[in-house]
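Below you'll find the structure, written out as structure tokens, and then a few comments.
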Amino acid sequence: MIEDDRSRLPAPSWFDALLGLMVTVVVSLFIAADIGDGTADGWAYLWAVGLGGLMLVRRRYPVLVVILSAVAVIAYHALGYPPIGIAVPLATAVFSAAEAGRAPVAVIVAASVVIVSVSYRLLVGQNPAFVLAYELPGTALLLGGAIVLGDSVRSRRELRRRSEQIAELVRAQVSREAEQRLLGERLGIARELHDSVGHALTVVNLNTQLLEEALQDSSDPAVQRSLAAIARTTAATFADLRRTVASLRREDPGGTPLGLADLASATQPAEQNGLAVHTSVTVRSALSATLENAIFRIVQEAINNVVRHADASRVEVVVAETDQEVSVRISDDGRGNPEQIKPGAGIAGMAERTQLLGGRFTAAGGDHGFTVCAAFPREVAR
């Protein structure tokens with residue numbers, strides 16, 4: 001799951017402390033103005049301090065803060081203290097709730113307090129024209145503006161976070177495409193070395209063995225030493241060739257390639273974006289590092305495609321083994337209509353990676369999602 005940005009902020013932060021001080025000062029000024037029939041005393045100012053103090057925990061408990069602020073404002077007026085209105089004391093609380101993604105709660109609380117306030121003032125005989133035509137629009141505008149502003153701040157923060165995630169995925173994809181091109185070049189070199197140089201060394205070795213058998217009765221020790229040297233050199237060169245080809249076929253010759261044990265890191269972007277991820281690995285035997293790495297990279301690329309394009313809610317990763325092949329399938333429940341999907345470099349890269357190992361690759365969508373499948377022959381599993 002995505003870590004909430006608010007959990008990484010200090011509590012209270014300097015901004016929250018400043019906001020709380022501002023609320024306390026503004027409400028205190030209203031109290032000191034002593035407008036109306038209320039009586040101002042030291043206890044009234046404690047309400048101002050309490051309303052400001054709630055701002056110190058607004059990030060951690062946004063819903064509780066807006067509810068307590070509403071109760072405090074109603075209780076303050078019920079105790080007969082000088083009027084302070086409802087918009088100013090509540091504005092920061094409803095802003096905080098909307099900023100925390102609780103805009104519906106902020107709207108309900110603000111509307112409830114406004115209704116209670118207007119109803120009470122009309123019941124005690126205040127001028128309806130003044131209450132409804134003068135004060136109500138201003139109060140509603142201030143509270144509504146605070147809610148809209150808070151939700152806008154939340155939306156911009158979420159948009160920035162998603163943009164950063166997408167940019168990171170794009171950078172990772174570019175890096176993987178470069179790695180894929182490099183892998184293709186190395187595998188091509190490995191095949192050429194194996195097929196050409198390996199074949200030539202095999203021919204030399206066979207002919208050397210034939211010469212040794214034909215000249216085994218030769219009395220010339222120099223001939224025997226030369227043939228033995230040729231045989232040793234050919235065998236050593238063959239061993240070096242095999243090591244070189246094996247190194248070229250590994251994606252990371254200098255380290256341990258990522259494999260099935262690392263699939264959690266490949267599916268992490270989906271989990272971070274709120275998708276339900278189910279991973280199933282049913283492999284009985286040990287697979288080669290080359291195959292495990294290919295499966296990891298295919299899962300990684302497919303997951304990133306799901307996050308960026310599928311608009312899905314869940315994704316399933318299944319790695320299975322049969323007597324004939326090892327397969328990997330990644331399926332989601334997002335937009336799978338083939339008319340809406342344009343094959344890109346990611347799908348082409350997965351296909352090339354699969355085909356380089358002699359496997360089969362398919363990527364297809366339907367009305368209920370998109371599925372990527374890759375199947376590898378058992379020979380590459382060892």
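In table form, for the structure just shown:
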item	result
Charge-dipole axis of the stretch 5-165 as Lys and Arg at +1 and Asp and Glu at -1 on Cβ define it, positive-most pick from Leu21, Val65, Tyr45	Val65
Top positive-direction residue, dipole computed over the stretch 260-381 with Cβ charges, set Val319, Thr354, Gly274	Thr354
Gln355-Glu192 pseudo-label distance in nm [points 7 Å out on the Cα-to-Cβ vector]	1.9
Under 5 Å, built H, 5+ apart or other chain: amide partners of Val281	Val319
Per residue, the convex hull volume that the Cα atoms of the stretch 5-165 enclose (Å³)	100
Residues in the stretch 53-80 reached by a label modelled at Tyr120 [backbone nitrogen below 17 Å; 7 Å Cα→Cβ]	67-80
Charged-residue dipole, Cβ positions (Lys, Arg, Asp, Glu), the stretch 80-235 about Cα centre, Debye nearest 20	1120
Net charge over other residues, Cβ less than 12 angstrom from the Cβ of Ala276 (K, R count +1; D, E count -1)	-3
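Only the coordinates and a few stated rules stand behind these numbers; no lab work does. Just so we're clear, the structure is a prediction, and the values are computed from it rather than from any experiment. Don't worry about glycine lacking a Cβ; one is built from the backbone with ideal geometry, like all the others, and counts go over all protein chains shown.
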